Amino acid sequence: MTQQIAAPVTGVSGADVAGTVDGVTAIGGAAGVDISLIGLFLNAAPLVMIIMLVLVAMSVACWAVIIEKFSSIRSAVDKTNQFENEFWSSDSLDKFYEKLKKRKARHPMAVIFSSAMDEWLKGKQPERIVRSDRPTSGELTISTKERIGQMMMVSINREIERLERGLGFLATCGSSAPFIGLLGTCIGIINSFTAIASSQNTSLAVVAPGIAEALFATAIGLAVAIPAVIAYNKFNGEVNRLAGKFDDFATEFQALLSRQTDGRVV
């Protein structure tokens, strides 16, 4: 009987075996990495973690501004509509003005109206422009009209500026947050390629945590930017509509004063 001896296995080097062992070890180590959202944040590189913290702070500030502006602008819209209904249904400007003063209304339309009425009451005894064909008693002079228009315009500008406060911050966050997140993404990808070079292993298990960390930074940036842009567009449109209402009211109010003073002249 002839005894056959098995031929030795050839073609497998020690380097291949070592690489296989390293790959298995890397996969086993990667399997223990926490890739949850909190885990990605806690395991992030220091610079990427700072970027994430900046984005989280921006998100908190954005939502604070959104809640405040939603409340203030909604209140201004409702009170403006209520004011217009009460104003045009009132019998006398003086009575409506006294009623408004007793209520101590401080919404934009009330402030604009009060500034005009204050200037009108102060100008009831101005220097008269004498006309040869009609008496001047109770006449609204050109200078008084100009002062009323100027006071209303100043009040309108102040109220619009107050309503727009915080919108610039939303615009800034909406435009910059994606790029800040992209910076974190670039840093995370650089760290992943550095890990590949140092371990000499192209296994996905080695680079997956770094790539996930990088994409997480981008996701946070988008989570900041999207609500900020939507809120900015909404609030900016509502403020522009209010500004149009304020300008229309100022024009109509000056015309109303002119008609009333002209009606008093005999």
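Throughout, read-outs are computed from the coordinates displayed, never taken from laboratory work. Predicted, not measured: the structure shown is a model, and the values here were computed from it. Cβ coordinates were reconstructed from backbone atoms using ideal geometry, including for glycine residues, and neighbour counts include every protein chain displayed.
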Exercise. Based on the Cβ-Cβ distance of residue 193 and residue 154, what FRET efficiency does E = 1/(1 + (r/R0)^6) give at R0 = 41 Å, to the nearest 0.05?
Worked result: 0.10
Problem set entry | Residue order, fewest to most beta carbons within 10 Å, for 224, 60 | 60, 224
Exercise. Once both labels are modelled 7 Å past Cα along the beta-carbon direction, what's the residue 247-residue 259 spacing in nm?
Worked result: 2.2
For this session: Kindly flag which residue pairs out of 99/234; 101/234; 102/245 have an alpha-carbon separation exceeding 28 Å in this structure.
Result: 99/234; 101/234
Exercise. Once fully extended, how much extra length lies between residue 68 and residue 81, figured as 0.36 nm per residue of separation less the alpha-carbon to alpha-carbon distance?
Worked result: 2.7 nm
